[in-house]
Amino acid sequence: MDINQICQAIENWKILTDSYKDGNHESRKKLLGLLNQGSHFSVEADEIQAWTKRLGNASDKLIHVYAGIEDDVFKLYLIDSASDAAGNFTYIVTKEMNRNPPYDMPDPQLVCAPISSQSAIYRNFIFDMYCSAWMETQKEDFFRIISIPFEDYEGMNLTKNESCISFFGLTNEETTASSLKEYHIEFITMKDLDIGSMSSTAENYSTPRPPFTAADPDTNYQLLLKSDASV
């Protein structure tokens, strides 16, 4: 896909979220509809292999997932953090959220996964049930990027022609109940989502941006800077 098209799609997301921030009711409805266009996206073994090569010996390995809109379709643009920081946009994977059930998923054989399948499903349930109310708490800093630790995908241990799935969740890192404002959006990754043999564990350390921090400079997100400069 042409890099200029990707940049425009990313900027379309910013335009919509800015309009929502300004109180536009139609923007709110459109944004909610986009976030609920599908249940998950798939990541293939060969895509993970390509990221492995590009990330090399980088100390902080992440997959940056940029939100975008193209022809009224919610799109996600995945780029490894090393390429993004270097402004190398030669390998960007485009995904759409879909509702097709992930058939023929392999039996779960996960390593070093931090949460149970029950927790993953609960977080996805919170997103499905409270997305609209949660959005209202996020107007000032609505997410544009979700950073997924590459180890989430490495932990799937996929072999050739296998895939895993990533889906939205809302999580609060505190141990006690809190307001929806303290929840943040995330991508949870699982190798298996078959009703009869669901993975017992999942990966879940993704982080939304903004807000950015001093330890997380804008220079790591060159695709974002390029997109903002494109209009």
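The values are calculated or read from the model by the stated rules, or taken from the named source; none is laboratory data. Just so you know, these numbers come straight off a predicted model, no measurement behind them. Glycine gets a Cβ as well: all are built from the backbone with ideal geometry, and neighbour counts include every protein chain shown. The area values use the complete protein model at the heavy-atom level, side chains included, leaving out ligands, DNA and RNA. Shrake-Rupley method; radii C 1.70, N 1.55, O 1.52, S 1.80 Å.
Could you bin all the Cα-Cα distances of segment 121-163 into 5 Å bins starting at 0 and give me the percent of pairs in each, rounded to whole numbers?
Going out from 0 Å in 5 Å bins, segment 121-163 shows 5, 16, 13, 18, 18, 14, 10, 5, 1 percent.
Quick one: net charge around Ala82, please, counting Lys, Arg +1 and Asp, Glu -1 for every other residue with C-beta under 13 Å from its C-beta.
Net local charge, Ala82 excluded: 0.
For a distance above 17 Å, tell me the whole-number percent of Cα pairs in segment 131-192 that qualify.
Roughly 52 percent, rounded to a whole number.
Would you mind telling me the share, in percent, of accessible area of segment 46-85 contributed by carbon and sulfur at probe 1.4 angstrom? Please list the in-between numbers first.
Details: 650 of 1600 Å².
C and S fraction of accessible area: 41 percent.
Report the extension gain between Asp46 and Ser119 in nm, rounded to one decimal, defined as 0.36 nm multiplied by the number of residues separating them, less their alpha carbon distance.
Extra length available between Asp46 and Ser119 comes to 23.5 nm.
Say each of Lys30 and Asp72 gets a label point 7 Å from the Cα, pointing the same way as Cα to Cβ; how far apart are those two points in nm?
Distance between label points: 1.0 nm.
With only alpha-carbon pairs counted, each pair once and no self-pairs, how large is the Kirkwood hydrodynamic radius of segment 10-58 in angstroms?
Hydrodynamic radius (Kirkwood, Cα only) of segment 10-58 equals 13.6 Å.
Packing-wise, with mean Cβ within 10 Å as the measure, how do 5-12, 123-130 rank, highest first?
Descending mean neighbour count gives 5-12, 123-130.
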